[in-house]
Amino acid sequence: MQWSLQECGSGFRAQKADGLTAFIRRACLWAEMKPGRGLGYDITYKGFAIARISFARRGALVKPFAAAQSFPEISDLDLVELALRVSKYREAAAAALN
């Protein structure tokens, strides 16, 4: 696991061990467009949205955008790891509320 996640402002700041920085912010996912999906997050790198994480029931879906191909330094595995980190952070925050 190479990414660390920190809460900042309206989302999260993700930093990789080699210095890459990405931002994860809440995305607007409308129920009529994506039935069965919950809260979503956009992953932004160098000012471009490169992927969207959406949570449905007990799983997560990571959908890379076309802009992600412009940044080979962030692989699909990195995007999956970021989704895992956000998922664990959400679980911890929900447990703290109960």
Inset, instruction - Identify the residue in segment 49-85 that is touching a Gly at 6+ places or on another chain (Cβ under 8 Å) and among the small types (Gly, Ala, Ser) and, among all such residues, is nearest to residue 25 (Cα to Cα). - result: 54
Inset, instruction - Residue by residue through segment 63-82, note down the ones that are assigned to a helix (DSSP H, G or I) and not polar (S, T, N, Q). - result: 66, 67, 68, 76, 77, 78, 79, 80, 81, 82
Inset, instruction - For segment 75-94, indicate whether the set of residues that are farther than 18 Å from residue 13 by Cβ and at pLDDT below 90 is non-empty. - result: yes
Legend entry - Complete set of residues in segment 72-92 that are surrounded by fewer than 16 Cβ atoms within 10 Å (Cβ to Cβ), hydrophobic (A, V, I, L, M, F, W, C) and under 19 Å from residue 46 (Cα atoms): 77, 80
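The values are calculated or read from the model by the stated rules, or taken from the named source; none is laboratory data. Computed from a predicted structure; not experimentally measured. Virtual Cβ from ideal backbone geometry, glycine too; neighbours counted across all protein chains shown.
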